[in-house]
Amino acid sequence: MAAAPLVLPLVLIVEDEPAQREMLAYNVRARGFEVMTAETGDKALALVRETPPDVIILDWMLPHVSGIEVCRQLKRGKQTSRIPVIMLSARSDEADKVRGLDTGADDYVVKPYSVAELLARLRTQLRRLRPAAVGERLNYDDITLDMTEHRACRAGKCLTLGPIGFRLLAAFMERPGRVWSREQLLDRVWGRDIYVESRTVDVHVGRLRRELRGPDRDDPIRTVRGAGYALG
Ligand code: CA
């Protein structure tokens, strides 16, 4: 199997019961995702500010700040409103379900749940936001990226990309039109805990551009002055 094509999706698990929290963390990790955990709502909010996760699994019943309140705060925050929240709850009646969704939760799973079902819901959320990370085939204009086969082509011709070039292209193709700052690309492509100079990003974007252009194609990557790079 090829090396992980992208920085792994980061999942935050917020659950106050240690056994539940560890079981979930174990299963989500086993599925190939990165995990951070919080046992209280306050800690969850602090963690999200520090290291925004790709998805949050949030227990409803937490001491002090409830899961509902955490969800409301996240959905109100400009930086955090787009992070999908899967709410866990022991309450199953419809009113609670509606209330849960009113807080802006993106999905809702009733305890006791099957781990397989929760993982499937997690994957659904990730497929929306991080399609490359769950092994999808991505298309943009005449460019295709096959995550499973680890192959990128333009107009039917395969590109020669190193691991960094491939990850860069995957990040761009997950969100065409999005303007990525150098820092965001560093986090996504090189990893969150690795120190790399931001000039390195320019070097690799330059290489990727040359490969995409070839002798006779236009450059699909845009430089956004003072902001970063975007595809299309
Ligand atoms: Ca709980």
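Residues in the stretch 18-29 that are modelled with pLDDT of 95 or more, charged (D, E, K, R) and either open to solvent by 70 Å² or more (accessible area, probe 1.4 Å) or away from the ligand (no atom under 15 Å from the Cβ) (or both): Glu22 only. If the condition is being within 16 Å of the ligand (Cβ to nearest atom), open to solvent by 30 Å² or more (accessible area, probe 1.4 Å) and within 25 Å of Arg188 (Cβ to Cβ), then the stretch 30-82 contributes Thr37, Lys43.
Could you tell me which of the residues Ala46, Ala90 is modelled with pLDDT of 90 or more and either not assigned by TED's automatic domain parsing to the domain that holds Arg128 or not β-branched (Val, Ile, Thr) (or both)?
Numbers: Ala90 fails: modelled with pLDDT of 90 or more.
Checking each option against the conditions leaves just Ala46.
In the set (1) at pLDDT below 95; (2) within 13 Å of the chain's Cα centre (by Cα), the condition left unmet by Glu69 is number (2).
Counting only residues that are touching a Leu at 6+ places or on another chain (Cβ under 8 Å), touching a residue at least 12 places away in the same chain (Cβ under 8 Å) and charged (D, E, K, R), the stretch 179-221 holds 3 of them.
The values are calculated or read from the model by the stated rules, or taken from the named source; none is laboratory data. Nothing here was measured: the structure is a model prediction, and the numbers come from that model. So basically every Cβ, Gly included, is an ideal-geometry build from the backbone, and we count neighbours across all protein chains shown. In case anyone asks, the SASA skips ligands and DNA or RNA and just uses the protein heavy atoms, side chains included. Shrake-Rupley method; radii C 1.70, N 1.55, O 1.52, S 1.80 Å.
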